[in-house]
1. Determine the dipole magnitude for region 140-192: charges of +1 sit on the beta-carbon of Lys and Arg, -1 on that of Asp and Glu, nothing else is charged, the reference point is the Cα centre, and the result goes in debye to the nearest 20.
2. If neighbour count is taken as other Cβ atoms inside 10 Å, put Val143, Val125 in order from fewest to most.
3. For Met82, Met1, which order do you get if you count the other beta carbons within 10 Å of each Cβ and list the fewest first?
4. Determine the shape class of region 28-186: with a ≥ b ≥ c the square roots of the Cα gyration tensor eigenvalues, call it rounded for a/c under 1.5, and otherwise prolate if a/b is greater than b/c, oblate otherwise.
5. Which whole-number percent gives the relative contact order of region 101-199, counting Cα pairs below 8 Å spaced six or more residues apart?
6. Take Thr240 and Glu145, extend 7 Å from each Cα along the Cα→Cβ direction, and tell me the distance between the two endpoints in nm.
7. Size of the dipole of the chain about the Cα centre, Lys and Arg at +1 and Asp and Glu at -1 on the beta carbon, nothing else charged, in debye to 20?
8. Exposure proxy check: Arg99, Arg251 ranked by fewest other beta carbons within 10 Å?
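Bear in mind that the values in this text are calculations on the coordinates, not laboratory data. In this text the structure is predicted, and so the values were computed from the model without any measurement. Using ideal geometry, Cβ is built from the backbone for each residue, glycine included, and neighbour counts are taken over all protein chains shown.
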Amino acid sequence: MRRKIIAGNWKMNSSRADGVALAAAIAAKISSSSPADVVVCPPSVYLEAVGQAIKGSAVALGAQNCYFEAKGAFTGELSPAMLRDIGCSYVILGHSERRQLLNESNQDINRKVLAALGVGLTPIVCFGETLDQRKAGQTAAVVREQIEGSLAGLSREQMLQLVIAYEPIWAIGTGVVATPQQAQEVHADLRKLLEIRYNSEVASAVRIQYGGSVNAENAASLLAQPDIDGALVGGASLKTDSFLAIVVAARQ
Ligand code: PEP
């Protein structure tokens, strides 16, 4: 049985005070008997303050990015070890906004994944196609290429330590959510790919989140799909009620 995982990607939103209040309100309602693992991913400058607000709770802290080098002259970057040092256990990598706006390549993401795993962070690695690619029937091929590049060289043990997020780009922040069937189809393909690349044990153990306009209303039908193991939530993670409702929807 894969335990569901709901992660909130706050992106470049919130203030220190609002972020601390949001995290504290979420932490107050989440316990180890909640239906899913819960992660909040604030902007990096607020990681420490949000970490304090959720300290001792069942909510985990995640970063939205990291660099692949351990230390040195990399102005503006944060190493995986620094994120561990301030209490992160997760890091989102390969988000489509970083792939598209900041030109991150599969190779960059691969180096980041390996660096994050190296210090014990759990990477949440994102994959997904554009609308044009979907319309051209290229979804499976695009996602396969991203997986093969971004997760190159990972051992079975390393694969078991990460979380995959399928995030169709056309659904991110658009209010247009993939239907449960569209998402399930890609998730099932991803699991097949893991079986081919590794084995059935890895394929059945790795958690695959869906992301893209998940909200309190549509979460239950997505999370009811057999291969959807959670959600990576953007907009709806910025409000306590909508985020908690998505966590509740993980109880099937
Ligand atoms: C995201 O950016 O990871 C995301 C899924 O955003 P939204 O839920 O707002 O579509």
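1. The calculation lands at about 100 debye.
2. So the ranking, lowest neighbour count to highest, is Val143, Val125.
3. With the fewest neighbours first, Met82, Met1 line up as Met1, Met82.
4. Here region 28-186 falls in the oblate category.
5. 32 percent
6. 4.6 nm
7. About 360 debye.
8. Arg251, Arg99
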